[in-house]
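One structure is given below, encoded as structure tokens.
The values are calculated or read from the model by the stated rules, or taken from the named source; none is laboratory data. Keep in mind the model is a prediction, meaning the values are calculated, not measured. All Cβ positions, glycine included, derive from the backbone under ideal geometry; neighbour counts span all protein chains shown.
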Amino acid sequence: MKMALDTAQLVSQIQAWGQELAFSQIGVADVDLSSAEPGLQAWLSAGCHGDMAYMATHGMKRARPAELVPGTLSVITARMDYLPRDTPEGWQALELARLERPGEAVVSMYARGRDYHKVLRNRLQTLAERIQAAVGPLGHRVFTDSAPVLEVELAQRSGQGWRGKHTLVLHREGGSMFFLGEIYVDLALPPTDAVSEHCGACSACIDVCPTGAITAPQRLDARRCISYLTIEHAGAIPQALRPLMGNRIYGCDDCQLVCPWNKFARRSPLADFDAREGLGGSTLVELFAWSEAEFLRRTEGSPIRRIGHERWLRNIAVALGNALSAGHDERMLSALQARADHPSELVREHVAWAMAQGAAAH
């Protein structure tokens, strides 16, 4: 039955269904990503993935969709905007202003609402089922930031945008504030056209990175990236990088906040990405006081939950230390003192460091 299909027509139909499911764009990529393998190998060999061991474990499988899911002939790519529905005009300046208020806790914008993995996966699965209903038996597998998939490469090849100098995908009419997802299918579909790059001589994202993690255009050393340090990294945060983290406790949006293309970033039509109470505009002291039970309750269905309470406290302790180095605050000192004997050695070490920042400043 698959062979009788007009595949170009089918792609148009899939794009229409995608729109109904709140995807901003649907594209199609072929499965030959061999030209991306040398760059991936060099990045892994340089250790830029830090302790994300799974990246090295999967090795070149990331660049070989048909090895990851045997029988794959095409990859359907999708992107979904995530700015909350009530995001005000001038949001980039408002977000940058948060970084100037040392006592405020800053959570990356994408993580203030519902866990995007669940939102995208459910909708991609629905899309796959619609395709299957139209074409008959369909071998497929859905991904969203969840397996060894070269997401940016696939997105770029299928016209979702170009790879910005910060390594994220940029779209002329959508900036970079969107999630990516894929459906691997055993159906040969015509690829959608790639788009040209439009970063020009701009280096705003490279210049603004607090830790210098963007080492060259389109090259990121995850070991220095605040998003990596606050989310993926399990151990102690390197002392030299702590003062550079400011009040960022989960992720970092700096490279996106200064990107000129993000004036075109779109609001999501979904309530899923609306900010939850406590995750936008709370103080460090408030969030540091959350017990493990409260942390689990407040982050249920949120991407933040996966870092666990221990890393949450580690991250906030660093931010409290940075705030104290900027000015004395009894409430911050008391909050840290209350955690000084925490059962976790990781938490205790970061609390001690934070208190030492306060002492050194006075």
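For LEU284, the stated conditions hold: it is at pLDDT 95 or above, more than 20 Å from the chain's Cα centre (by Cα) and surrounded by 13 or more Cβ atoms within 10 Å (Cβ to Cβ). Tell me whether the stretch 194-207 contains one or more residues that are within 27 Å of SER34 (Cα to Cα), surrounded by 16 or more Cβ atoms within 10 Å (Cβ to Cβ), modelled with pLDDT of 95 or more and among the charged types (D, E, K, R). No, that holds for no residue.
Do we find a residue being part of a helix (DSSP H, G or I), under 14 Å from the mean Cα position of the chain (by Cα) and outside the structural domain of ALA46 (by TED's automatic domain parsing) anywhere in the stretch 200-221? Break it down into steps so the answer makes sense when it comes.
First, the residues of the stretch 200-221 that are part of a helix (DSSP H, G or I): 204-208.
Next, from what is left, pick out any that are under 14 Å from the mean Cα position of the chain (by Cα): none.
No, that holds for no residue.
Does the stretch 223-239 contain any residue that is charged (D, E, K, R) and surrounded by 21 or more Cβ atoms within 10 Å (Cβ to Cβ)? Full working, then the answer.
Initially, the stretch 223-239 is screened for residues charged (D, E, K, R), giving 223-224, 232.
From what is left, the residues that are surrounded by 21 or more Cβ atoms within 10 Å (Cβ to Cβ) are 224.
Yes, the stretch 223-239 contains at least one residue that is charged (D, E, K, R) and surrounded by 21 or more Cβ atoms within 10 Å (Cβ to Cβ).
Looking at ASP329, ASP341, which is the one that is surrounded by 15 or more Cβ atoms within 10 Å (Cβ to Cβ), over 21 Å from the mean Cα position of the chain (by Cα) and of a type in the set (D, E, K, R)?
Working: ASP341 fails: surrounded by 15 or more Cβ atoms within 10 Å (Cβ to Cβ).
Exactly one residue qualifies, and that residue is ASP329.
Tell me whether the stretch 182-189 contains one or more residues that are loosely packed, with under 14 Cβ neighbours inside 10 Å, at pLDDT 95 or above and either outside any loop (DSSP other than H, G, I, E, B) or not hydrophobic (A, V, I, L, M, F, W, C) (or both). The answer is no, given that none of the residues of the stretch 182-189 is loosely packed, with under 14 Cβ neighbours inside 10 Å, at pLDDT 95 or above and either outside any loop (DSSP other than H, G, I, E, B) or not hydrophobic (A, V, I, L, M, F, W, C) (or both).
State whether one or more residues within the stretch 275-282 are touching a strand residue (DSSP E or B) at 6+ places or on another chain (Cβ under 6 Å) and among the charged types (D, E, K, R). Among the residues of the stretch 275-282, not one is touching a strand residue (DSSP E or B) at 6+ places or on another chain (Cβ under 6 Å) and among the charged types (D, E, K, R), which makes the answer no.
Close Cβ contacts (under 7 Å, 6 or more residues apart or on different chains) running from residues in the stretch 152-174 that are touching a residue at least 24 places away in the same chain (Cβ under 8 Å) to residues that are assigned to a loop (DSSP other than H, G, I, E, B) and of a type in the set (Asp, Glu) comprise GLY159/ASP193; TRP162/GLU197. Any residue in the stretch 253-262 that is under 20 Å from GLY308 (Cα atoms), in the same structural domain as ARG311 (by TED's automatic domain parsing), assigned to a loop (DSSP other than H, G, I, E, B) and touching an Asp or Glu at 6+ places or on another chain (Cβ under 7 Å)? Checked against the condition, which is being under 20 Å from GLY308 (Cα atoms), in the same structural domain as ARG311 (by TED's automatic domain parsing), assigned to a loop (DSSP other than H, G, I, E, B) and touching an Asp or Glu at 6+ places or on another chain (Cβ under 7 Å), the stretch 253-262 yields no hits at all. Exactly one residue among ALA97, ALA78 is outside the structural domain of PRO137 (by TED's automatic domain parsing), at pLDDT 95 or above and not in a loop (DSSP other than H, G, I, E, B), and that residue is ALA97.
Restricting CYS259, CYS252 to those that are under 29 Å from LEU333 (Cβ atoms) and touching a residue at least 24 places away in the same chain (Cβ under 8 Å) reduces the list to CYS252.
Evaluation of GLU277 against the conditions (1) assigned to a helix (DSSP H, G or I); (2) closer than 30 Å to ALA22 by Cα shows that the sole unmet condition is (1). Here GLU129 passes the criteria (1) within 25 Å of ASN315 (Cβ to Cβ); (2) acidic (Asp, Glu); (3) without any contact (Cβ under 8 Å) to a residue 24 or more places away in the chain except the one numbered (1). Counting only residues that are outside any helix (DSSP H, G or I) and in contact (Cβ under 8 Å) with a residue 60 or more places away in the chain, which one in the stretch 296-316 is surrounded by the fewest Cβ atoms within 10 Å (Cβ to Cβ)? Selected residue: GLY301.
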